[in-house]
1. Ranked by accessible surface with a 1.4 Å probe, highest first, in what order do B:F121, B:F83 come?
2. What are the semi-axes of the equivalent ellipsoid of the stretch B:476-546, taken as the square roots of 5 times the eigenvalues of the Cα gyration tensor, listed largest first and rounded to whole Å?
3. Where does each of B:F162, B:F427, B:F411, A:F3 land when they are ordered by accessible area, with a 1.4 Å probe and the largest first?
4. Using a 1.4 Å probe and ignoring any ligands, DNA or RNA, find the accessible area of B:I209 and quote it in Å² to the nearest 10.
5. What accessible area, in Å² to the nearest ten, does a 1.4 Å probe give for B:L349?
6. Provide the buried accessible surface between chains A and B in square angstrom, both chains summed, 1.4 Å probe, rounded to the nearest 100.
7. What is the Å³ per residue value for the convex hull set by the Cα atoms of the stretch B:152-217?
8. Taking H as built 1.01 Å from N, whose amide H comes closer than 5 Å to the amide H of B:V274, not counting residues under 5 places away?
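The values are calculated or read from the model by the stated rules, or taken from the named source; none is laboratory data. Just so we're clear, the structure is a prediction, and the values are computed from it rather than from any experiment. Because the Cβ atoms are built from the backbone with ideal geometry, glycine has one as well, and the counts that use them run over all protein chains shown. We work out accessible area using only protein heavy atoms, side chains counted, and drop any ligands, DNA or RNA first. Shrake-Rupley method; radii C 1.70, N 1.55, O 1.52, S 1.80 Å.
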Amino acid sequence: MLFGIQDPWVWLAYVLSILSAVLCVGWGIFNWNKDDSAKEPDEEVRHWAEEEDKVEEEL
Amino acid sequence: MDSLWMTITVIVYLFAVGYLGYRGYRATHSATDYLIAGRKTHPYVMAISYGATFISTSAIVGFGGAAGVFGMGLLWLTVLNIFFGIFIAFVLFGGRTRSIGLRLDAHTFPELLGRRFKSRFLQGSSALIIFLFMPLYASAVLIGAAKFIAEQLGIPYEAALFVFSVVVALYVIMGGIKGVMYTDALQGTIMLVGMIALIALTYHSLGGIAPAHEALTRLVEQVPDKLKAGGHLGWTSMPKFGSPLWWTLVSTIVMGVGVGVLAQPQLAVRYMTVKSGRELNRAVPIGGVFILMMTGVAFVVGALTNVYFFNSVGKIAIGAAAGDVEKIIPMYIKGAMPAWFGLLFMLTLLSAAMSTVSSQIHVMGTSLGRDLVEQAFRAKKAGSGMLATRLGVLIGILVSVYLGYELEKRFGKTGTEIVARGTAVFFGLCACAFLPMYAGALWSRAITRAGAIAGMLTGACSSMLWMLFVHEKESTALLLCKTLFGVRSLGIKLVEGKEVFVHAGPMVWAFVDPLVIGLPLAMLVTVLVSMFTRKLSEDHLKRCFG
């Protein structure tokens, strides 16, 4: 019996729910300043998206 | 006196919400602002908004009450909610959604899918699925909130429904996603404070963590015979493997809501509201702790209400609530908690409902305005798209209110049951229709346009058919199976007038969630069709993946 809970499947869920939150906290702390490469869409992309729509429409 | 304080608190709260909605309106200058908050949202606002949208009143009261019946086994849902709903969602899906959304200049979930697979049909049909089925889900939350407000403030139900809908409609129409997310941040913070207080007070009143759980374990003798026959083994144990209760718990609650969250359009769009991957990383811990404090607390407290009710009235929770699962948590709050907490909890539930409904109608509006009307009429000039989206929001809330109100009025209890299934129907449908192609859009270069479309149609149709004819919770409420075949589910046989559940090994079909059938089928079709159809051009893929 752990934390007064008899079934291992239930106390496992109890522990894992807390550990999942701890995992989230740990991830956030270790990757606090880590960025990915994607930046604001530039004019070229916006223009391309409009062109794509036009081509689709023509097709 | 209580009622006076309650009214004052609600008025102050509504003013605060109105002010934040106004701030959102003032900060909205373009379609990008209205749809994805100019891609500049603070990580706290994004994470709390995501969590508050995810968690509705029914997640606390409905599922908390269900924990009063099923027990603490429901905590597996919390594990999935945090691990899939936050960690996997933010770290894997969020980062990719944001970067591909940026590269393709997408502003909505259907637009992301449509541009990724170069298919206006995909964008339109995804938007149509959202616009057709979201109102049922929104109705479920809206009606629940209106009933709750009416009961708490002692005002007529219609008045509560009217005021609630008008307030939400106003700040969503005016402030767009900024209005939604600013108010979500306030509402989510109230929810966080309310639920932390709830767990602390509950454990304190029951003598601490382990003693409270031990008292619950000792109640095993009190399990009613009907629940025992269904496989119930006590509130700190999982139900018997393969029993109807086990299937309901594992299949519907855990899988249906736990995995279904990954493909929810109103949640996925939030990844595109932040400036960079750094903001997403910073949102992960906030989201993780938020969800633990929401569903984790609701399920533990829900189960522990059995100890409180047994000690105070000599009955287990469901007995004390006269069989009404939804009444367990409110009765517990009223009986076991101090008066000041009743006020805080009322605000917590009001916030939970408002934050979910506001995001639902925003997504309905953007689906209609941006993805359907704008695409159909090419109305991109001079803010006409924004107008269409705002009109879409208005139509969305009107349809939701009408649907919930009329279904109950016309069909009575049957109508109430249909609305109550709204959340499960929408989650199941989204997971089966969107998840395979959404995952494919983010990670696979091999999934083709035809594969994505075929998978979406397979997922949508198979999950709908399963809900209409097999999964007994929905098929019973939706009545079509009974009308056509004379039984409430094709997974149930009538033997000498008695219902017998059809099963294959441990699979009791009537209890198997649509997701268990629809998702693998949709994945298989997506992959198979993609193997034999034309790939998207390398240029396009390069643009998507960088």
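1. Correct descending sequence by accessible area is B:F121, B:F83.
2. 43, 14, 10
3. Reading off the accessible areas and sorting them downward yields B:F162, B:F411, A:F3, B:F427.
4. So the heavy atoms of B:I209 present about 80 Å² to solvent.
5. Its accessible surface works out to 0 Å², give or take rounding.
6. In total, chains A and B hide about 3900 Å² from solvent.
7. Per residue, the Cα convex hull of the stretch B:152-217 comes to 136 Å³.
8. The answer is B:T41.
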